[in-house]
Amino acid sequence: MIINNISDLSLQYDEPLGLLRVEWASGDDMRGFRNSAEQLLYLGQQLGVRHLLLNMNTFPDISVYDQVWLGTHWISGLLQMPLERVVLVNHRRRLHNQMAIDSLIAIARPFIRFDIQYFPQPVPGLHWLSDHSSRLPALLAEWDALHGPNSLHGSEAAEYRRLHRPQA
């Protein structure tokens, strides 16, 4: 299910998997970042999200001020969610946000009760989050239907089919 109530974010939720996918949808405009991050926490807590994918490739560089705010205000709310697994999608060339994420994880490490994995692209991360669920092709097709096959990440349904092509 696509969720449209947080304007800065593209969101997709699958209730049976307890999976929430999050991408930034406001380009370089980070003015609504904190408000959207707070709304995301509230949504995640209301839905009881167990599996979370944050696609950091879609976020602009997070300012030092926002990093401090995340560490002092936001991370405690994330830790209250019933998370089991978190995927952070971050390409190795996105060094600024990688360092920001690493510092936040270091601060919260003693309190983190869920598994965190990094992936360079969303599709492999979704596989890991969903334990290769048969629901994944439909989720990817739903995402592609909203964002189009020529979106920032290309056709994820096509990527799924390419990865699962029968071997000759």
The answer for the net charge of residues other than R50 whose Cβ lies under 15 angstrom from its Cβ, with Lys and Arg +1 and Asp and Glu -1, is -1
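Given axes a ≥ b ≥ c from the Cα gyration tensor, I'd like to know whether region 37-99 is rounded (a/c under 1.5), prolate (a/b larger than b/c) or oblate. Spell out each step's value before the answer.
On the way: a/c = 2.31, a/b = 1.40, b/c = 1.66.
Oblate.
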Expressed as a percent, the accessible surface of the chain that is carbon or sulfur, using a 1.4 Å probe and the full set of protein chains, is 54
So the angle from the long Cα axis of helix 136-147 to the longest Cα principal axis of the chain, reported in degrees to the nearest 10, equals 70
The local net charge around R34, scoring Lys/Arg +1 and Asp/Glu -1 for residues other than R34 whose Cβ lies under 15 Å from its Cβ, equals -3
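With runs of 4+ DSSP H residues as the only contributors, calculate the mean residue ellipticity of the chain at 222 nm using -39,500 (n - 2.57) per run, divided by the residue total and rounded to the nearest 500. Write down the numbers at each step before the final one.
Working: 7 runs with 69 residues, N = 168.
Calculated mean residue ellipticity at 222 nm is -12000 deg cm²/dmol.
Note down the magnitude of the dipole of region 9-110 about its Cα centre, charges +1 on Lys and Arg C-beta and -1 on Asp and Glu C-beta and zero elsewhere, to the nearest 20 debye.
Working: 9 positive and 10 negative charges, 52 e Å.
Computed about the Cα centre, the dipole is about 260 debye.
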Averaged per residue, the 1.4 Å probe accessible area of region 24-131, protein heavy atoms only, in Å², is roughly 51
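Jot down the per residue volume, in cubic angstrom and as a whole number, of the convex hull over the alpha-carbon atoms of the chain.
Values: hull volume 19.9 nm³, N = 168.
Considering the Cα atoms of the chain, their hull volume per residue is 119 Å³.
The values are calculated or read from the model by the stated rules, or taken from the named source; none is laboratory data. Please read these numbers as outputs of a predicted model, since none were measured by experiment. Note: ideal-geometry Cβ built from the backbone for every residue, glycine included; neighbour counts use all protein chains shown. Accessible surface is based on the protein model in full, side chains and every heavy atom, while ligands, DNA and RNA are left aside. Shrake-Rupley method; radii C 1.70, N 1.55, O 1.52, S 1.80 Å.
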